[in-house]
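Report on the structure given below.
No value in this document is a laboratory result; all are computed from the given coordinates. Since the structure is predicted, the reported quantities are computational estimates derived from the model, not experimental observations. Ideal geometry is used to build each Cβ from the backbone, glycine not excepted, and the neighbour counts take in all protein chains shown.
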There are 2 protein chains.
Amino acid sequence: MNNDGNKISYETAAEAVRGKIAEALAQTPKILSSMMDSLAMSQGKNIRGSLTVLSSCDADGMAEDTAVKIAAAIELLHLASLVHDDIIDDSDTRRGLPSLQSKFGKKNAVMAGDYLFCLCFSLISEAYSSRASSDYIDKISDFSKVIGLLCLGEIRQNEHNFDFDLDLKNYLRIIGGKTASLFALSMYTGARSSDMPHDKAKIYGRIGGYFGIIFQLIDDCLDYDGEFSTVEKPIGKDLREGIITLPFIYAARKEPALKKLLSASLPQEDSFDTAILKIRELGGVAHTKVLAGKYRAKAMKLIMTLENDYKKKELTSMLDRIYDRQK
Amino acid sequence: MNNDGNKISYETAAEAVRGKIAEALAQTPKILSSMMDSLAMSQGKNIRGSLTVLSSCDADGMAEDTAVKIAAAIELLHLASLVHDDIIDDSDTRRGLPSLQSKFGKKNAVMAGDYLFCLCFSLISEAYSSRASSDYIDKISDFSKVIGLLCLGEIRQNEHNFDFDLDLKNYLRIIGGKTASLFALSMYTGARSSDMPHDKAKIYGRIGGYFGIIFQLIDDCLDYDGEFSTVEKPIGKDLREGIITLPFIYAARKEPALKKLLSASLPQEDSFDTAILKIRELGGVAHTKVLAGKYRAKAMKLIMTLENDYKKKELTSMLDRIYDRQK
């Protein structure tokens, strides 16, 4: 499949993904452009897109040209889900800037998210337009399935909003849907965009799934991080919004009274502050990090089975960065 | 492309579209099923899907098997857009039943709509999985473009909410996006699912576009129809929600005072009732129907150029039904 594809270095490719996203957002009709500009300004770390191009690399660290477009499609899909998430969670900020829904209203944000979904599918068609490929059908089908999983993860999370009895199993199902599925797709499609057969690419998909779980576990730890006095980053934002994550689940298992504290019909800000301190004291955050470490070991075990030394090295360093990140 | 396709009669195919939609909605994971059941119960007239299978028919009125799946995909896309529209318009009912957003909340409705988008793309991949087809890429690209146009139509409509100065040109741009684009896609993709070359299928797309405009013009007339005393159907629902349509535009051109009546900072229900009666008196509805008639003539002119007598006859009767419908 990559016979007529051009190759570029991994770093160039990862940078090109940003350019491709910016280009897609910039080409939108005028009426949408202020919303899309707003999104373009707040491009994130593009971890998913980087994993896509990295997974396409050969032994010399050269990435597939096609992978850049697929990576941009993945990031746009991610962006679409963020825009819709912010509507669902009533979030005012995203990546440190006002969220679309707070800046342009929920109505426009719903449509902007839908529009991003179609930009994503347009990019996938563009990625394959120059090559006749029966993989293409699988690809669309893969993308649709993952959007389905993302939606299910969000709906499930929503279903368990303020459910202080949420258990580990259901928590993992939620993050498996809302986060791990897209990471898995990123690495699987990246690997497939090189000549790699389905069976081998599936291992990349599994590594991606682990990366996603670790990413979310660390995210959920970071939510409990910081000082109460700082203004920029509220501590325990998730908990206050009713999103129950692992630090709470662990802590509440040790001290079930935590549930009662927050189950009051109208829990006060004070109760949340008390609960957050308690959760940290009880080791909820530390335990979550331990679980992240276990998934890191699983991911490492799979990475070590890969034949390509370049990817072994780069994936390991990416994993370290995800695991060790402080924000 | 249809070499190995099976053929079934148009009536059987149109009925099979309903079955296919019900099947897709029924196969959803448990957590979504109450929402999907709710949607399955309220299947509409499936006009768009019927146009797809009809456009695929041969001279004997036999439709392409593949067209059934594509038609179902189109109806699911339509359904997705309705679910998101109801969030945007804050509508409590849809097709005479409670809307998803009123029954399950806006949060779940956003995700359910996203999920329907991906069911749509899954069905398209299913439609093509048994045939190697380079058309497939065009198809996804066509679907993405149309979703883009749908979104733009909605955003534009939203932008002109309570804009009593909306003119004919911008009104036509709105309905071109929100309604005509999907009708055009229905007929174009239906035609393409038979052996028809792109150039000829484009004529079907143009006919579909006219059908969509006529459909919306009649819809906008029907919104002003009926008695004030009946409870089920509020008259001038659109106007009360700030959606400006052609009957108002025509009437306000004759009597600009209408704009002032409704531009008050907090227009009363009374003002709307007065305005609605005025709009009817001033011939706003009648004029809109006249414009629908002009588009009907344009559509008929194109239908008469078709070579297939079966489709000529059926499309004409479909057009009559759309133009003459009373609800």
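Structural remarks
- Nearest-first distances (nm) between copies at A:Asp90, label 7 Å from Cα via Cβ: 1.6
- Helix B:30-41 axis, angle to chain B major axis (alpha carbon atoms, nearest 10°): 70
- Shielding by partners, peptide B:102-108 (average Cβ within 10 angstrom, other chains): 4
- Equivalent ellipsoid of chain A: semi-axes from √(5λ) of the C-alpha gyration tensor, largest first, are 35, 24, 16 Å.
- Inter-label distance, B:Lys237 to A:Ser33: 3.6 nm, where each label sits 7 Å from its Cα along the C-beta direction.
- Relative contact order of the range A:21-100, defined on C-alpha pairs under 8 angstrom at six or more residues apart (%): 27
- For B:Ser317, inter-copy label distances in nm, listed shortest first [label point 7 Å out on the Cα-Cβ vector]: 7.0
- Degrees between helix B:269-281 axis and first principal axis of chain B (Cα, 0 to 90, nearest 10): 70
- Stokes-Einstein translational diffusion, the range B:17-72 - Kirkwood Rh over all Cα pairs, 1.306 mPa s, 10 °C, in µm²/s: 130
- Neighbour counts of other Cβ atoms within 10 Å put A:Ser33, B:Ser141 in the fewest-to-most order A:Ser33, B:Ser141.
- Peptide B:81-88 shows a mean partner chain C-beta count of 3 within 10 Å per residue C-beta.
- In the range A:234-290, the ratio of gyration radius to Kirkwood radius, Rg to Rh, stands at 0.93 when only Cα atoms are counted.
- At the listed q of 0.07, 0.09, 0.11, 0.12 Å⁻¹, the Debye profile of the protein assembly as shown, built from one uniform point per Cα, gives log10 I(q)/I(0) equal to -0.50, -0.81, -1.14, -1.30.
- Computed over the range A:63-124, Kirkwood Rh from alpha-carbon pairs, angstrom: 12.0
- Rounded to the nearest 10 degrees, the inclination of helix A:65-89 to the longest alpha-carbon principal axis of chain A is 20 degrees.
- For the range B:233-327, the mean projected area of the C-alpha convex hull, equal to one quarter of the hull surface, is 7.1 nm².
- Bins of 10 Å, starting at 0 and running to the largest distance - Cα pair percent for the range B:1-133: 13, 42, 29, 13, 3
- For the range A:136-327, the C-alpha radius of gyration divided by 2.2 N^0.38 Å, with N the number of residues, is 1.13.
- Residue with peak Gaussian network fluctuation, chain B [Cα springs, cutoff 10 Å], from B:Tyr171, B:Tyr204, B:Tyr188: B:Tyr171
- Proximal lysine pairs, the range B:169-268, alpha carbons under 24 Å, eight or more residues apart or interchain: 12
- Inter-chain neighbour count for B:142-155: the average number of beta-carbon atoms from partner chains within 10 Å of each residue's beta-carbon is 6.
- Using the Karplus relation 6.51 cos²θ - 1.76 cosθ + 1.60 with θ = phi - 60°, the per-residue 3J(HN,Hα) values for the range A:106-122 come to 5, 4, 5, 5, 4, 5, 4, x, 4, 4, 5, 4, 6, 4, 4, 5, 4 Hz, with x marking Gly and Pro.
- Value at 222 nm in deg cm²/dmol, rounded to 500, when DSSP H runs of n ≥ 4 in the protein assembly as shown each add -39,500 (n - 2.57): -23000 deg cm²/dmol
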